[in-house]
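Inspection log for the structure reproduced underneath, given as structure tokens.
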Amino acid sequence: MPPNTFDFVDTQLPKNPQGTDPLRWRLKVEHGRQTWHYLENDEELRKWPQSICDKYWLGIPFPNKQLDTPKTALEAARNGFEFFKLLQTEDGHWAGEYGGPMFLLPGIIIAMYITHTPIPKSWSTEITRYLFNRAHKDDGGWGIHIEGPSTVFGTALNYVALRILGVDADHPVMVKSRATLHKLGGAIGSPSWGKFWLAVLNVYDWEGLNPIIPEFWLLPYSIPFHPGRFWCHTRMVYLPMSYIYGKRVGADLCPFIKQLRQELYVQPYESINWAYARNDVCEVDLYVPHPGLLGFLNGILSLYEKIPNVVDLRKHALNEVYKQVKAEDENTFYLDLGPVNKAMNLVVAYLEEGPDSEAFKLAQSKIIDFMWMSAEGMMMNGTNGSQLWDTAFTVQAVIESGLADEPSNHESMLRALEFLDDCQIKRNVPETDMCYRHISKGAWPFSTRDQGYTVSDSTAEGLKAVLLLQKLQYTPKPVSEERLRQAVDVLLSLQNSDGGFASYELIRGPWWLEWINPAEVFDNIMIEYSYPECTTSVLTGLCTFREYYPDYREVCNKAAKYIHKSQKEDGGWYGSWAICFTYAALFATTSRKGCEFLISRQREDGGWGESYKSCELGEYVQHAESQVVNTSWAVLALMSARYPDERAIRKGIEFIMSRQQLNGEWKQEGIEGVFNKNCMISYPNYKFTFTIWALGRYAKIYKNPVLF
Ligand code: LAN
């Protein structure tokens, strides 16, 4: 099978002529911080040339080297890194888009609208273009994520976002999406997070939401459903939500809002039965129906909402909630944990501190950290980036393949080490316990040091990458033994009683909290869970450390037991953070049964391809086509389990090579990541990191035979 002969520069200029000038966009990086800037001024343009990294992400062609056609896996890995190296940023990390979810942009746009935050022209043009490009070709709607079918959640919110950005209701794109929205029953059927944003915009009545009461924050922590025990994302979203709900804030009822009220529903706005609308969620949106207990609880809370506040409980609760919001803002340098609470906290800072306050201005200044400019327009990222995560994998891939030893790659590895050194979190946040945070001193975050949340597997991957880099002969050793030990201490502090490791914190609440999961569109969001992927990352992180320092036998045995226990009957593991069984296999597969599970899913062309439906359904679903990322995970897993049949592995490797372009690049295929079972998220760098890693490992284990 010869490597394909696609044009090696087939990136196209953005499709929409109504966009801004792509040649004027620049990505600025500082300590991993990524911000996109549009240079209006020609003088600035001259001083700040566009880098290859800028061009790549903007889809602008750039001169490429035509590399020698690889004959072996190592040559293919080398070509792959030759290309990927071009995308490394000045500060040493690998940047990238982190889009996918389609409910993030509307949140920030509504938040900017009601806080009177100006939206720069270059942003509104490009966000409009992005949403136009992402509207489904057949029905004009949007789903919960880019590949999902149109839902009320996606369609109602993005419709509103475009209207705020100035698109006319008569525009053909709007006419088409509105028709789809109406076909789905109108905005009434939106899930609760959508209802919330519509209420903030004053195009939905607060009566139409189940109560989100701030008083929960006044309960003692010993109560099992204290919000401090929730999974941090859920905790941090319901926190500002309860503040805004408690105050029933809404945009001014101007002619534009009145007009929107007419556009979003199939019935006259005034005739809507809001009490009924609370639990009305369109069938295409509904992934987790309201559990019975929640219905009962909502009934009681609705009664509570009707009692006039005798002891001013609400005021106390709002004070407590604001204290927590402020702490979150300050602890994260106003980045916040994620894009959802970023938008909500902006609104809270505006309401509580006012438009001229320092806090509000700082909150405004960090919106840009989430905005990502792409060939298709501007989107909002799922976090402020995946800097640490992508860099740690790249480093491990390059080192395992032996490419790190080649002099032409030294500089790249030195820069990566500088970044990893800088990115390690050097402190616990002030008043850690007061704001329900886990320790973070010594941890590595998923994105940047400023964001500052400990993530178990990011810490482990960061630690592994640093240990490997510091073992190379030519590197300085900036991360001291003390700091390495701090990272290990964080990892040790994160083991759950079942032996496994969760994402950010320990499991703090009982499993039955899922019975009050109000989100309808996300599953497993109320508490932390142990995950096979996180557990294996930590386990291998501790093992790498053990090569140098003491061993953590007991911790490791317990973790290994958890991993075995979480294997399903058929030999597979369910992956929670990327699609899906092939991803979990990458981390967990060690057994014969796990290998058989993978082998039985290999396709004719030698590759693996897994659909995002696997995540929703909990069973392996084939993608329409083989995917390089799934294939890389599968062969990496088979190789680490020392699967004896080399032919199957070689076929996978040949498949990966067949998809490589002549400049070393791989093209984007299907979406790679997931969260909460139902929402997909893009990891565009995986098509480089894991392909290079798989090719490199193959070359190493099988003595790099000639394949083509
Ligand atoms: C992420 C991204 C990274 C991911 C891994 C490190 C890969 C994982 O192994 C642990 C969990 C973690 C950190 C993770 C958790 C949930 C996130 C933050 C996300 C999938 C990125 C976006 C998502 C966040 C919850 C999106 C906002 C939506 C809400 C439901 C609040």
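With distances taken between every two different alpha-carbon atoms, the chain has a Kirkwood hydrodynamic radius of 26.2 Å.
When +1 charges are put on Lys and Arg Cβ atoms and -1 charges on Asp and Glu Cβ atoms, the dipole computed for the chain relative to its Cα centre reaches about 700 debye. Spin-label model, LEU492/HIS564: points 7 Å from Cα along the beta carbon direction are separated by 2.4 nm.
The alpha carbons of segment 522-643 occupy a box of 47, 37, 24 Å along the principal axes, longest dimension given first. The distance between label points at LYS593 and LYS183 comes to 4.6 nm (points 7 Å beyond Cα on the Cα→Cβ vector).
Where does the charge balance sit around ASP139 when Lys and Arg score +1, Asp and Glu -1, over other residues with C-beta under 14 Å from its C-beta? Neighbour charge sum, excluding ASP139 itself: +4. Principal-axis analysis of the Cα atoms of the chain puts helix 172-183 at an angle of about 70° to the longest axis. Place a point 7 Å from the Cα of THR69 along the Cα-to-Cβ direction; which residues of segment 678-708 have their backbone N under 11 Å from it? Within reach of a label on THR69: 708. For GLY442, the residues whose amide H sits under 5 Å from its own are ILE425, LYS426, ARG427, ignoring neighbours fewer than 5 places away on the same chain, with H placed 1.01 Å from N.
Put simply, the convex hull of the Cα atoms in segment 600-698 casts, on average, a shadow of 6.3 nm². Packing, taken as the mean count of other beta carbons within 10 Å per residue, orders the peptides 128-137, 59-68, 442-451 from highest to lowest as 442-451, 128-137, 59-68.
D by Stokes-Einstein for segment 75-225, Kirkwood Rh over Cα pairs, 37 °C, 0.692 mPa s: 183 µm²/s.
For GLN622, the residues whose modelled amide H falls within less than 5 Å of its own, excluding neighbours fewer than 5 places apart on the same chain, are SER611.
Take each peptide in 608-620, 540-552, count the other Cβ atoms within 10 Å of every residue, and average; sorted highest first, the result is 608-620, 540-552. With all pairs of different C-alpha atoms in the average, the Kirkwood value for the hydrodynamic radius of segment 169-276 is 15.6 Å. Considering only alpha-carbon pairs that sit under 8 angstrom and 6 or more positions apart, the relative contact order computed for segment 171-328 is 38 percent. Note on CYS254 and ALA275: the extension gain reaches 5.1 nm, defined as 0.36 nm multiplied by sequence separation minus the Cα-Cα distance. Between ILE223 and TYR474, the contour length at 0.36 nm per residue exceeds the Cα-Cα span by 85.0 nm.
When peptides 464-474, 364-374 are sorted by average Cβ neighbour count within 10 Å, with the highest value leading, the order is 364-374, 464-474. The local environment of ILE701, defined by Cβ-Cβ distances under 12 Å, has a net charge of +3 under the rule Lys, Arg +1 and Asp, Glu -1. Taking only alpha carbon atoms, segment 104-380 gives an Rg to Rh ratio of 0.95, where Rh is the Kirkwood radius. If you average the C-alpha positions of segment 356-371 and of segment 623-648 separately, how far apart do those two centres end up, in angstrom? So the separation of the two Cα centres works out to 44 Å. Legend: Rg and Dmax of segment 385-566, from Cα coordinates, 17.0, 56 Å. Working from Cα pairs under 8 Å separated by at least six residues, relative contact order for segment 561-672 is 25 percent. As a length-normalised measure over Cα pairs under 8 Å and 6 or more apart, the relative contact order of the chain settles at 19 percent.
With θ taken as phi - 60° and the Karplus curve 6.51 cos²θ - 1.76 cosθ + 1.60 applied, the whole-hertz 3J(HN,Hα) list for segment 519-525 is 7, 6, 10, 10, 10, 6, 10 Hz, x standing for glycine and proline.
Taken together, the values in this text are just the output of simple stated rules run on the coordinates, not laboratory data. Remember, it's a predicted structure, so these values are computed and weren't measured experimentally. Please note: Cβ atoms are built from the backbone with ideal geometry, for glycine as well, and neighbour counts cover all protein chains shown.
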